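Okay, so here's the structure we're looking at.
Every number here is computed from the coordinates shown, using simple stated rules; none is lab data. What you see is a predicted model, and the numbers here were worked out from it, not measured in a lab. Here the Cβ positions follow ideal geometry from the backbone for every residue, glycine too, while neighbour counts run over all protein chains shown.
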There are 4 protein chains.
Amino acid sequence: MRCTIVGATGYAAIELIRLIELHPQLEIVSLISDSKTDEKIERLYSFMNKNQYPVLTEFSMAHIKEVETDLLFLATPSGISTEYLKQLTEWDGKTIDLSGDLRLEKTLYEAWYAHDAIDSSIQAQATYGLTEWKREDIKNSRLVANPGCYATAILLGLLPLLEQQMIDPNQIIIHASSGLSGAGKTLTEQTHHVRSNENVRMYKQNRHQHIPEVESVVEEITGQKVVVSLATYLVPLNRGIMATMTLQPLVEKTEHEWQAWFSERYQQESFIRINQADPEIRSAAGSNYCDLSVYLDTRTGRLTVVSVLDNMQKGAAGQAIQNANVMSGYDETLGLTQQPFFI
Amino acid sequence: MRCTIVGATGYAAIELIRLIELHPQLEIVSLISDSKTDEKIERLYSFMNKNQYPVLTEFSMAHIKEVETDLLFLATPSGISTEYLKQLTEWDGKTIDLSGDLRLEKTLYEAWYAHDAIDSSIQAQATYGLTEWKREDIKNSRLVANPGCYATAILLGLLPLLEQQMIDPNQIIIHASSGLSGAGKTLTEQTHHVRSNENVRMYKQNRHQHIPEVESVVEEITGQKVVVSLATYLVPLNRGIMATMTLQPLVEKTEHEWQAWFSERYQQESFIRINQADPEIRSAAGSNYCDLSVYLDTRTGRLTVVSVLDNMQKGAAGQAIQNANVMSGYDETLGLTQQPFFI
Amino acid sequence: MRCTIVGATGYAAIELIRLIELHPQLEIVSLISDSKTDEKIERLYSFMNKNQYPVLTEFSMAHIKEVETDLLFLATPSGISTEYLKQLTEWDGKTIDLSGDLRLEKTLYEAWYAHDAIDSSIQAQATYGLTEWKREDIKNSRLVANPGCYATAILLGLLPLLEQQMIDPNQIIIHASSGLSGAGKTLTEQTHHVRSNENVRMYKQNRHQHIPEVESVVEEITGQKVVVSLATYLVPLNRGIMATMTLQPLVEKTEHEWQAWFSERYQQESFIRINQADPEIRSAAGSNYCDLSVYLDTRTGRLTVVSVLDNMQKGAAGQAIQNANVMSGYDETLGLTQQPFFI
Amino acid sequence: MRCTIVGATGYAAIELIRLIELHPQLEIVSLISDSKTDEKIERLYSFMNKNQYPVLTEFSMAHIKEVETDLLFLATPSGISTEYLKQLTEWDGKTIDLSGDLRLEKTLYEAWYAHDAIDSSIQAQATYGLTEWKREDIKNSRLVANPGCYATAILLGLLPLLEQQMIDPNQIIIHASSGLSGAGKTLTEQTHHVRSNENVRMYKQNRHQHIPEVESVVEEITGQKVVVSLATYLVPLNRGIMATMTLQPLVEKTEHEWQAWFSERYQQESFIRINQADPEIRSAAGSNYCDLSVYLDTRTGRLTVVSVLDNMQKGAAGQAIQNANVMSGYDETLGLTQQPFFI
């Protein structure tokens, strides 16, 4: 498959490039950057300087066709993806959008993002790319809305429970911490090392755009309406998310039974692991795994599900490659077998 | 006041020494360490090597009296403090115990700690040293149970609400992150830099010994029985705690009214600040402040209180000095006016 | 002494404010910021929000006089300090400039900095504020050029040896690492957490402006001409500098004799400590100490002097307060007795 | 090739396992750990728990043969490797030893390591595995001494210059910083997060065992006797080394000519890159690259070569795989094409 990446200098794009290097069936034929046109990505990022990549190019449909793109990754910010998606409506290749622009219907989008939504007709064509839960739809889709990083971590933990109506849909309280790469490449006071280092910072309390993403995907997949509380934090590390869901179970099971129940539900999945030890970001960082831990508190009766993943891989570029594999009929794990860093 | 510190090589002791250096009325007359007897603390910690400290000495009541100790800090681990406290029953000086040994009544203590509790008669004499809420008792006390780090952060946020019955006592869900100094000086796989760095790790889920501490102090002070959920995490930094309490309010107020209500409640307090911006550990680390932020989510109706403090200062040594000031009749802020590090 | 700080929102100013809070004789009467005029510093930095500081004000000589400033700190960048210094020529108060603008004579300054030098007549009036070596001059000075952070660390190690002609002045090879606060508050790709974290980066190789500062101060104080090699690195931490000087001794002494020789040379100094253990940044960070370690390699005959200090304290604001104490006739350690953080 | 790893729970072994996962021709048939016999590595390291690895087994020659090992990696500490190597003398498979036990001849080894050397007859059979400089010997070797991490970084920079007698062999001054994984998995005060974080620490000054390794390999390969000064530091990050060599050139070239000269020397090498920008650890961490930067200081006449690599990859497990590829007749880059992490 001949791949083009739009927004080629951002973090998600860089991770896509790293992953495609290791993928036996994907090949980069063009790197698009409207701001760095004609520069070489090997110059911008010295870590790449033994490779030969296409020179950064301006976006145009003529170019996309000329390089014979089969698969287009939009690694562009929300709002910007919309501009490209409008031009791609007539194109017959496959597109995976890593931004939030295709994830929410118009009213919700405009309430939670600070700008206009894409045309509802375009958004309606997109499949939500949570691979484990939408695999069949993705297989036949030409347009995939790649999920948000927090949303992926949260949904993989919640969906089994909500699908089987095992928890109270109105008692879902989530706390989620992300490494600094989640804040993007933009220079801000909060991402200056001296400020972010030796710090934890809560942000977007009650206002994070992954709240409506979680709620609407739950409703789409399980038919259940939920209202979630989500607190989000930046923690001083580069990669990784840990999301803790505190829940009210509606059925009685022991902690061990809950763990076994999750194991059974996901036993066919290559990238989901049920973890019996204390969860930690390091167990998944550097890989496409999502690790789930399950606790039952006999004092309070509450069930806690902890979900850990690498926000750059399973939470962004890794899941995009996983979706590309599904859309292309490849083995879903192709190019994604890197183990977590550990060190 | 002539001060002796027992357990003088641990983190809490080192922070006590740093703070007493800046205190105009406290003086260190003895440093006790049963494991490092006859060594000099300036040798063990090069950062101290321009100062003149007493040589590390073995504990004995004769020694405590010989050096004319007025004020004894037990900076020893839970279980160990008990051994010293037993010997101190006849002594007429003032004691502040930084361990958990005096914080819980016998049954609770033995259920949550892995060893025998101290005699109930000794525990009954101790005043819980949450200065802002027990000031009058501390003033007249000879034995203070200095609060736990998480417990301090949580209680300062919860007590105003529970005292006025403003929240549902059965809907208290807490997530709290601590820097690595919270894990103590003991060498473990989890505190090895390569493991803890670039990591977040959940630990003691549903089993943290500050759960019963919070619950019993709430009951003692407000008369309300509460059952709390507490998730605790280690985050890759040295100092600081952020605790987020997700709550169900029983009265109607706007977010702004809740903030104003907290400001009014604590307006006389030197070390409690109500913060309107995104909370961050850095706002308090290096100081004795506890910073509180208050959010109301109009979608879910939930109230969120975020509490930030330095686990070595307001969460340990700083509050111990604050209590020493109260017990000695000094201005409560004496020696505690250092501003947060920021850089 | 009534103090005014110009450039009040930068790192050096923030550290000055923290230190002045703990100083019994200094008081802040004005905070000057031409970019943030009329804002409150407590709003810009939440960590300060229990204090009452003067509102940020525009610079004018009328204002400086109106608030009855005794002592003016210029915590402004090189090039900007010059603008203020020009206006201060007629003023009869004391000024300490933390920038590089007064440290070099015109030709050198213009060769190493990227802009015009201040009038030579103004520069000639300034005393170089390396307190331990210029104490008597500082006492009688109204204008002090506060030394650079690397220059302070390096000079305190080199000067005793060069003064006594104990090393080859042409064989001085220096490697020095600094925490990120050394790169200043400006937002750059290199200070974005995701880039600087888990990284070491060499910068300004052979071009660092502290090279001519070291060389000209050595010549001024010892009469020796030296040419030094200096490699500088950013390391992923907030505060602290470690500078290693690899040297060719001209006299024979054992390692132990060299250590004793340094101890004797500096034994009267409150802020200089000779350290026998492996040097580490943590031994000085958070304090005004400069810690020196001395090694002799019997294989190569080379002498190694390692100098550690906190770039925000002894390397900037701390030394400025030390100089203010000297200029004001106070005990030199006043307000500077904080111990290193350790934790 | 059927691979067995001895010392399977250490850092080097874990990195070998990660790399072998991505290698199309290598397969793990046994994991040896004398201390954790019968445990499962997936239990010890949760990050591995979706894989199926052989249960940890005790070492015996019978076992090595029974599992039909083609290639044995000794990822054991210095001193311990010797014990295994003694038993392997009769075995006809290939062995790569990642410890220092085969790198130095007996007298040097015993002077710099704290214990007995291996039999000189065994050491004499080993080829030093600096792939780029010993490729032909490695091809025909059954026993490879995999180079030390610092030694690799330093030698790749020095050897071209010394081979051509372009620098003074007595003026080689090296400063090298390593991430904490370089200190190994053993729990020590210096690797406790609270101590190593926000710190830089010099260690083994003039005593590092890679000093004689560099000197004897230079002599073996170039015939030149050199005496080097090496200062080593731990910096607060997990992976990566930066080594700076300050040198006295014997020929005249401009900085640009030196860079071109290095580029030409290494142009055939897949893993060596000549970098024109400021060197940084991040350019190589996570990959098998060694990045070299070259500076000429026209003031001092000194040449500076900076070498950056990942101590776990090119400095240990990566180079071991590279050597395994050479020994096995595979393409040298097989399984080693991962790009640096960058994020």
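Among all the aspartates and glutamates, which ones have a C-alpha under 16 Å from A:Lys94's C-alpha, if same-chain residues fewer than 8 places away are not counted?
Once the sequence-local aspartates and glutamates are set aside, what remains near A:Lys94 is A:Glu27, A:Glu66, A:Glu68, A:Asp70, A:Glu136, A:Asp137.
Arrange C:Ile14, A:Ile167 by Cβ neighbour counts within 10 Å, fewest through most, would you?
With the sparsest Cβ surroundings first, the list reads A:Ile167, C:Ile14.
Tell me the distances, shortest first, between A:Met166 and the same position across the other copies, using label points 7 Å along Cα→Cβ, in nm to one decimal.
Distances to the matching label points in the other copies: 3.8, 6.5, 7.3 nm.
Take peptide B:294-304, look around each residue's Cβ out to 10 angstrom, count Cβ atoms belonging to other protein chains, and average those counts.
4
Can you pull the one-decimal nm distance between simple spin-label points at A:Asn170 and C:Asp116, each 7 Å off the Cα toward Cβ?
So the two model labels end up 7.2 nm from each other.
What fraction of the DSSP beta bridges in region B:150-311 is antiparallel, stated in percent and rounded to the nearest 5?
If I count the DSSP bridges inside region B:150-311, around 70 percent turn out antiparallel.
Taking each residue in B:281-292, count the Cβ atoms of any other chain within 10 Å of its Cβ, then average. What number comes out?
4
So if R0 is 60 Å, what FRET efficiency would D:Lys225 and A:Arg207 give, r being the distance between their Cβ atoms, rounded to the nearest 0.05?
0.35
Please state the charge dipole magnitude for the protein assembly as shown, taken about the Cα centre, from unit charges on C-beta atoms (+1 on K and R, -1 on D and E), reported in debye and rounded to the nearest 20.
In debye, rounded to 20, the protein assembly as shown gives about 0.
Have a look at the DSSP beta bridges in the protein assembly as shown and tell me what percent are antiparallel, nearest 5.
Roughly 50 percent of the DSSP beta bridges within the protein assembly as shown come out antiparallel.
Excluding same-chain residues fewer than 8 positions from D:Lys204, which aspartates and glutamates have a Cα within less than 14 Å of its Cα?
List returned: C:Asp278, C:Glu280, C:Asp297.
For q values of 0.16 Å⁻¹, compute log₁₀ I(q)/I(0) with the Debye formula on a Cα-only model of region C:2-125, without solvent.
So the normalised log intensities work out to -0.77.
Kindly write out, for region A:306-319 in residue order, the coupling ³J(HN,Hα) from the Karplus curve 6.51 cos²θ - 1.76 cosθ + 1.60 (θ = phi - 60°), rounded to whole Hz, with x marking Gly and Pro.
So the J values, rounded to whole Hz, are 10, 10, 10, 7, 8, 5, 7, 9, 4, x, 6, 5, x, 5.
Pull up all non-local amide H partners of A:Thr57: gap of 5 or more, or a different chain, and H-to-H distance under 5 Å with H placed in the peptide plane.
A:Leu31, A:Ile32, A:Ser33, A:Asp38
Taking other Cβ within 10 Å of each residue's Cβ, how do D:Leu334, D:Leu104 sort, fewest first?
D:Leu334, D:Leu104
Over the whole of C:46-56, what's the average partner chain Cβ count within 10 Å per residue? Rounded to a whole number, please.
5
Using the Karplus curve 6.51 cos²θ - 1.76 cosθ + 1.60 with θ = phi - 60°, what ³J(HN,Hα) values do you get for each residue of region A:19-33, in whole Hz, with x for Gly and Pro?
Once θ is set to phi - 60°, the couplings for region A:19-33 become 6, 5, 3, 9, 9, x, 10, 9, 9, 8, 9, 7, 10, 9, 8 Hz.
Among the listed pairs B:Lys36/B:Lys86; B:Lys253/C:Lys185; B:Lys36/C:Lys50, which have their C-alpha atoms separated by more than 29 angstrom in this model?
B:Lys253/C:Lys185; B:Lys36/C:Lys50
When each pair of different Cα atoms in the protein assembly as shown is counted once in the 1/r mean, what is the Kirkwood radius in angstroms, to one decimal?
33.1
Evaluate the charge dipole of region A:209-343 about its Cα centre and quote only its size in Debye, nearest 20, assuming +1 on the Cβ of each Lys and Arg and -1 on the Cβ of each Asp and Glu.
260
Check which residues have an amide H placed less than 5 Å from C:Thr127's amide H, if you skip close sequence neighbours.
C:Leu143, C:Val144, C:Ala145
Run through the other copies and list how far each one's label point is from that of A:Thr333, in nm with one decimal, shortest first; the point sits 7 Å from Cα along Cα-Cβ.
Distances between equivalent label points, in nm: 2.6, 6.1, 6.4.
Kindly list the residues of region C:310-343 that lie in the label zone of D:Glu189, defined by a backbone N under 17 Å from the point 7 Å along the Cα-to-C-beta vector.
Residues C:340-343 qualify, since their backbone N sits under 17 Å from the label point.
Tell me which residues come under 5 Å, amide H to amide H, from A:Tyr45 once H is placed; ignore anything under 5 positions away on its chain.
Correct list: empty.
Can you list the distances in nanometres, one decimal and ascending, from the D:Gln224 label point to the identical position in each other copy, with the point 7 Å along Cα to Cβ?
Distances between equivalent label points, in nm: 2.9, 7.2, 7.7.
Once each part is reduced to its C-alpha centroid, what is the distance from region B:1-36 to region C:154-182 in angstrom?
Taking the Cα centre of region C:154-182 as reference, the centre of region B:1-36 is 36 Å away.
First select every other residue whose beta carbon is under 13 angstrom from the beta carbon of D:Gly148; then total the charges, Lys and Arg +1, Asp and Glu -1.
Summing Lys/Arg as +1 and Asp/Glu as -1 gives -1.
Work out Dmax and Rg for chain D from the C-alpha atoms and quote the Rg first, both in angstrom.
Using the Cα atoms of chain D, the pair Rg, Dmax is 19.6, 64 Å.
Report the far tail of the P(r) of region B:234-343, meaning the percent of Cα-Cα pairs longer than 16 Å.
Looking at region B:234-343, the distances longer than 16 Å represent 62 percent of pairs.
Just which residue of chain B brings its Cβ nearest the axis of rotation onto chain D, and by how many angstrom, rounded whole?
Of all Cβ atoms in B, the one closest to the rotation axis yields B:Leu187, 2.
What does the charge count around B:Asn325 come to, taking other residues whose C-beta lies under 12 Å from its C-beta (Lys +1, Arg +1, Asp -1, Glu -1)?
It works out to a net charge of +1.
Can you give the alpha-carbon Rg of region A:150-310 over 2.2 N^0.38 Å, where N counts its residues?
Cα Rg divided by the expected 2.2 N^0.38 Å: 1.05.
Using the Cα centre of region C:235-277 as the reference point, and only Cβ charges (+1 on K/R, -1 on D/E), how large is the resulting charge dipole? Debye, rounded to the nearest 20.
The calculation lands at about 240 debye.
Using a Förster distance of 41 Å, how high is the FRET efficiency between D:Gln276 and C:Glu163, based on the Cβ-Cβ distance and rounded to 0.05?
The calculated FRET efficiency here is 0.50.
Quick one: what Rg and Dmax do you get for region C:76-190 from the alpha carbons, in Å?
Rg, Dmax (Cα atoms, Å): 15.8, 44.
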